[in-house]
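Student: Have a look at the structure that comes next, please.
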Amino acid sequence: MYDDDYGTCRRTFATLLIYPVRTDPEAITVRLGLEPTFRRRKGGAIPPDALPAEIDLWCLSTKGRVESRDSRRHIDWLLDAIEGKAAVIRSLQEEGARIAVSCFWLSQAGEGGPTISPGQMRRLGGLNIELWFEFYYDGTDSPAGS
């Protein structure tokens, strides 16, 4: 199923994002039993500009944890991390939290794109978690035929 050397991808990672409304980001750590990659409180400084954050945020990222250029492997890693925690996810959503998975995807040559599996769509849908991609191309390689 996976293609860890995904030919059209230079680099990818995925991040579970939880934007709580009435729940402290530290409480999310306790409730999920997972240590986040990053968390911040509303009003805290956001480097490098040191502007105050406008919203609370709790993140769990595959960056530096999953070595693959296949986004599916990264998405599965996050879904496996929250396996069995559907009640906590639902509870956070009922409290107003927005929960999503964001995938960073850097194109190898400005062509192609990632794939997600039907099973991943079902798992994400069952948890009411949306998925979005951030696509980038740095232009250092010319696409074939140009």
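The values are calculated or read from the model by the stated rules, or taken from the named source; none is laboratory data. The model shown is predicted, which means the values in this text are computed figures rather than measured ones. We place every Cβ from the backbone using ideal geometry, glycine too, and count neighbours over all the protein chains shown.
Student: Between Arg72, Arg65, Arg122, which is assigned to a loop (DSSP other than H, G, I, E, B) and out of contact with any Cys (no Cβ under 6 Å at 6 or more places or on another chain)?
Tutor: Only one candidate passes the filter, namely Arg65.
Student: State all residues of region 1-25 that are at pLDDT below 95 and within 12 Å of Leu57 (Cβ to Cβ); if no residue qualifies, say none.
Tutor: Of everything in region 1-25, those that are at pLDDT below 95 and within 12 Å of Leu57 (Cβ to Cβ) turn out to be Tyr19, Pro20, Val21, Thr23, Asp24, Pro25.
Student: On to the next question. Residues Phe104, Phe133: which one is surrounded by 13 or more Cβ atoms within 10 Å (Cβ to Cβ) and over 27 Å from Arg31 (Cβ atoms)?
Tutor: After applying the criteria, what remains is Phe133.
Student: Could you tell me which residue of region 67-90 is surrounded by the most Cβ atoms within 10 Å (Cβ to Cβ), considering only residues that are more than 16 Å from Glu35 (Cα to Cα) and touching a helix residue (DSSP H, G or I) at 6+ places or on another chain (Cβ under 8 Å)?
Tutor: Ile75
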